[in-house]
Amino acid sequence: MSRKRTAILISGRGSNMRRLIEAAADAKFPAEIVLVLSNRPEAEGLGFAKEKGIATAAVDHKIHAGRESFEASLQVLLELHRVELICLAGFMRLFTPSFVRLWEGRMLNIHPALLPAYRGLHTHERALADGVKIHGCTVHFVAPAVDEGPIIAQAAVAVRDDDTPQSLAARVLEQEHIIYPAALAALASGALEIRGNRVIERIVTRAPPPLRVPEAK
Ligand code: GRF
């Protein structure tokens, strides 16, 4: 089976992007990273992708008149690189419903909270302010509403009494780096089936089992 051509969209640091690139460096990984796009030309993550020989581009949203023309520029690049799957990794722009529909079932996002709790920004601060004991992260398919869409993977961390937003964020990020490559691998290998709001993961048999020829007597 050919590896799925995947683009990663970032806006900043790009640590999740880095983990996806590292995971996909293994030829057995079912997705290959063919493009990294950023809406911010100064995004730190672009440098790492370039070093790894991956095509990169910055599509500055500020020079576009509106979301439609920004997305049209993204789409040109995605088509040019024959992209099949998109991973949003700290990408801080919202998409129009028509762009989301275009990529329905083929675009993932990682969110630093256990959705549907704590959609939006400042998730770690809000979790600590609420005094929750469990926090975490979620990989989900992108739907038109922000931080919604069928959930593929989640990981939980226990909140500690002395946690700050920074210490909690760091432990959640470690988990993000584990579940994002796993979720992309599951999607790229064809293992995921969306049933309503639920994602079912099927076991994918990569090769048929060897035929057992009865021994001649
Ligand atoms: C991560 O916490 C991710 O969950 C959120 O934005 C942050 C991006 O971090 N969507 P990085 O750029 O991947 O390091």
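The values are calculated or read from the model by the stated rules, or taken from the named source; none is laboratory data. Because the structure is predicted, anything quoted here is derived from the model rather than measured. Cβ atoms come from the backbone with ideal geometry, glycine included; neighbour counts cover every protein chain shown. Note: accessible area is taken over every heavy atom of the protein model, side chains too, but ligands, DNA and RNA are not part of it. Shrake-Rupley method; radii C 1.70, N 1.55, O 1.52, S 1.80 Å.
Test of understanding: among Ile179, Ile200, which residue is under 30 Å from Ala27 (Cβ atoms) and either open to solvent by 40 Å² or more (accessible area, probe 1.4 Å) or among the small types (Gly, Ala, Ser) (or both)?
That would be Ile200, the only listed residue that is under 30 Å from Ala27 (Cβ atoms) and either open to solvent by 40 Å² or more (accessible area, probe 1.4 Å) or among the small types (Gly, Ala, Ser) (or both).
Let's see how each residue does on (1) outside the structural domain of Gly45 (by TED's automatic domain parsing); (2) not aliphatic (A, V, I, L, M):
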{"residue": "Gly90", "(1), (2)": "no, yes"}
{"residue": "Arg93", "(1), (2)": "no, yes"}
{"residue": "Arg126", "(1), (2)": "yes, yes"}
{"residue": "Lys133", "(1), (2)": "yes, yes"}
{"residue": "Ala153", "(1), (2)": "yes, no"}
{"residue": "Gln166", "(1), (2)": "yes, yes"}
{"residue": "Ile178", "(1), (2)": "yes, no"}
{"residue": "Ala185", "(1), (2)": "yes, no"}
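Looking only at the stretch 1-59, count every residue that is within 16 Å of the ligand (Cβ to nearest atom) and either open to solvent by less than 30 Å² (accessible area, probe 1.4 Å) or within 23 Å of Trp103 (Cα to Cα) (or both) and tell me the total.
Qualifying residue count, the stretch 1-59: 31.
For the stretch 143-178, what are the residues that are of a type in the set (A, V, I, L, M) and over 30 Å from Arg101 (Cα atoms)?
Val157, Ala158, Val159, Leu168, Ala169, Ala170 - these are the residues of the stretch 143-178 that are of a type in the set (A, V, I, L, M) and over 30 Å from Arg101 (Cα atoms).
Kindly check whether there is at least one residue in the stretch 68-83 that is under 25 Å from Gly190 (Cα atoms) and within 16 Å of the ligand (Cβ to nearest atom).
No, the stretch 68-83 contains no residue that is under 25 Å from Gly190 (Cα atoms) and within 16 Å of the ligand (Cβ to nearest atom).
Collect the residues in the stretch 21-33 that are in contact with a strand residue (DSSP E or B) (Cβ under 6 Å, 6 or more places away or on another chain) and closer than 12 Å to Ala182 by Cα, keeping them in residue-number order.
Ala24, Ala31 - these are the residues of the stretch 21-33 that are in contact with a strand residue (DSSP E or B) (Cβ under 6 Å, 6 or more places away or on another chain) and closer than 12 Å to Ala182 by Cα.
Between a first residue in the stretch 158-176 that is basic (Lys, Arg) and a second residue that is surrounded by fewer than 12 Cβ atoms within 10 Å (Cβ to Cβ), which pairs have beta carbons less than 9 Å apart while being 6 or more apart in sequence or on different chains?
Pairs that qualify, where the first residue is basic (Lys, Arg) and the partner is surrounded by fewer than 12 Cβ atoms within 10 Å (Cβ to Cβ), are Arg171/Ala158; Arg171/Arg160.
State the number of residues belonging to the stretch 84-112 that are closer than 21 Å to Ile194 by Cα and either within 12 Å of the ligand (Cβ to nearest atom) or aliphatic (A, V, I, L, M) (or both).
Counting residues in the stretch 84-112 that are closer than 21 Å to Ile194 by Cα and either within 12 Å of the ligand (Cβ to nearest atom) or aliphatic (A, V, I, L, M) (or both) gives 11.
Sort out which residues of the stretch 138-148 are farther than 10 Å from Glu104 by Cα and either open to solvent by 30 Å² or more (accessible area, probe 1.4 Å) or in contact with an Asp or Glu (Cβ under 9 Å, 6 or more places away or on another chain) (or both), and write them in order of number.
Thr138, Val139, His140, Ala145, Val146, Glu148
In this structure, does Phe141 turn out to be within 16 Å of the ligand (Cβ to nearest atom) and not assigned by TED's automatic domain parsing to the domain that holds Ala185?
no
Take the stretch 108-122 and flag every residue that is in contact (Cβ under 8 Å) with a residue 24 or more places away in the chain and crowded, with 21+ Cβ neighbours inside 10 Å.
Leu108, Asn109, Ile110, His111, Pro112, Ala113, Leu114
Please state which one of Gly131, Gly90 is open to solvent by 30 Å² or more (accessible area, probe 1.4 Å), out of contact with any helix residue (DSSP H, G or I) (no Cβ under 7 Å at 6 or more places or on another chain) and of a type outside the set (Phe, Trp, Tyr).
Residue meeting the stated conditions: Gly131.
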